[in-house]
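The values are calculated or read from the model by the stated rules, or taken from the named source; none is laboratory data. These numbers come from a predicted model, not from an experiment. Reconstructed Cβ throughout: ideal geometry from the backbone, glycine too, with neighbour counts over all protein chains shown. Just so you know, the surface numbers come from the protein's heavy atoms only, side chains and all, with ligands and any DNA or RNA stripped out. Shrake-Rupley method; radii C 1.70, N 1.55, O 1.52, S 1.80 Å.
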Amino acid sequence: MQNEEICLMKGNEAIAHAAVRYGVDGYFGYPITPQSEILETLEALMPWQTTGMVVLQAESEVAAINMVYGGASTGKAVMTSSSSPGVSLKQEGISYIAAGELPALIINCMRGGPGLGTIQPSQADYFQAVKGGGHGDYRLIVLAPASVQEMADFVGLGFDLAFKYRNPVMMLADGVVGQMMEKVVLPPARPRRTDAEIAEQCPWAVTGRRKGEAPHVMTTLELDPQKMELNNLRLQQTYRRIAENEVRFEEFMTDDAEWLVVAFGCVARICQKAIEEARANGVKVGLLRPITLWPFPEKEIARLSRQVKGILVVELNAGQMIEDVRLSLDERVPVRHFGRTGGIVMDPDEVSVALTSLINEINL
């Protein structure tokens, strides 16, 4: 049994190590920049020789997500990873997994788009993740890591939430967090669950017919519209429970803030530097970093909006999370957006200029 370990590694590598230590049963993926190190690291670790974890490079992204669908149906802890255009190919399978009320972890290490775009970082998959990129009324729990440590920690958190609510979880990371190297404390290892434990914890799982038991059938098809509506209502009830209990966020210097910045992922760290510089110049600015992009911390943003004069939303996209910020406020205070696209990452000075522009606009 491996104990807690301190290492220096990339965010993508941290995900792979954390998956083995969590006791994941299977990983099914396909290489694409900037997340290929997840698959490469798992192949180098060869967990099939130690924990029995299956690591398989599928023939395509479509095949990979359907392998996850099959594995999740049996109650196994299974995961996949990709980057933006690859995740687009997985959307039908993700919709099926959500409809089947199955636990799974999906990692998107975002790159610029649309189309094949670029291999540089982006946050332009926000809409796809939090609004449901596939068909139908479904939701993913969406976690947004901002450090290599969170890349490791959110593997365990993601699976715990996925099994708690029988709902797929997406870790929505940007390419910066996936590629940068930091110190990370890897969690203690825990053994994979036995078949008996899976049968006890996942009574819904398709594990083969037992004598005297009705067979378990996993399907998302229902031709009777009244029954299909009941299925949808059950899903919506689950989403309400998640929204009530699983909102996560981080605040930075918000206690006396007169201005608020909202950002997630690597951009939140860039904004912290800009906020420290503003504070040094006597400008009271604070940061709210959503950790769960869904469920979104709308109540906390609404609360902070009652004390600030304006809000700046900073993202590596043309303006996506800003829509959820505005929905949280009911036009209570002015909200402006600053973003870069094409794989260009802004620096703290650019954020400071955008913040100054917002302050000057409102104070005129």
Of all strands (runs of 3 or more DSSP E) fully inside region 1-73, the set with 2 or more residues that are among the charged types (D, E, K, R) is 5-10
What residue, among those in region 204-245 that are open to solvent by less than 100 Å² (accessible area, probe 1.4 Å), closer than 16 Å to residue 138 by Cβ and of a type in the set (D, E, K, R), is modelled with the lowest pLDDT? 222
Is there any pair linking a residue in region 83-105 that is over 18 Å from residue 161 (Cβ atoms) and open to solvent by 10 Å² or more (accessible area, probe 1.4 Å) to one that is of a type in the set (A, V, I, L, M, F, W, C) and assigned to a helix (DSSP H, G or I), with Cβ under 6 Å and at least six apart or on different chains, and which? 89/62
Cβ-Cβ distance below 7 Å, separation of 6 or more or different chains: which pairs start in region 298-312 with a residue that is in a loop (DSSP other than H, G, I, E, B) and end on one that is acidic (Asp, Glu)? 308/258; 309/258
Only one of 313, 308 that is of a type in the set (A, V, I, L, M, F, W, C) and either in contact with a Cys (Cβ under 9 Å, 6 or more places away or on another chain) or under 19 Å from residue 128 (Cβ atoms) (or both): 313
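Conditions tested, residue by residue: (1) acidic (Asp, Glu); (2) modelled with pLDDT of 95 or more.
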residue: 291; (1), (2): no, yes
residue: 297; (1), (2): no, yes
residue: 318; (1), (2): no, yes
residue: 330; (1), (2): yes, no
residue: 341; (1), (2): no, yes
residue: 347; (1), (2): yes, yes
residue: 355; (1), (2): no, yes
Close pairs from region 1-24: first surrounded by fewer than 22 Cβ atoms within 10 Å (Cβ to Cβ), partner modelled with pLDDT of 95 or more and of a type in the set (D, E, K, R), Cβ under 6 Å, at least 6 apart: 8/183; 10/37; 23/192
Per-region count, region 141-170, residues in contact (Cβ under 8 Å) with a residue 60 or more places away in the chain and either surrounded by fewer than 21 Cβ atoms within 10 Å (Cβ to Cβ) or under 12 Å from residue 96 (Cα atoms) (or both): 9
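Going by the structure shown, is residue 253 crowded, with 16+ Cβ neighbours inside 10 Å and within 30 Å of residue 281 (Cα to Cα)?
yes
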Given the conditions (1) open to solvent by less than 30 Å² (accessible area, probe 1.4 Å); (2) within 30 Å of residue 151 (Cα to Cα); (3) part of a loop (DSSP other than H, G, I, E, B), every one holds for residue 344 apart from (1)
How many residues does region 78-102 contain that are assigned to a loop (DSSP other than H, G, I, E, B) and either among the aromatic types (Phe, Trp, Tyr) or in contact with a strand residue (DSSP E or B) (Cβ under 8 Å, 6 or more places away or on another chain) (or both)? 2
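With respect to residue 41, determine if the residue is among the polar types (S, T, N, Q), buried (at least 18 other Cβ atoms within 10 Å of the Cβ) and over 21 Å from the mean Cα position of the chain (by Cα). Even if it seems obvious, please write down each step before you answer.
Values: among the polar types (S, T, N, Q): yes; buried (at least 18 other Cβ atoms within 10 Å of the Cβ): yes; over 21 Å from the mean Cα position of the chain (by Cα): no.
Here the answer is no, as residue 41 does not meet what is asked.
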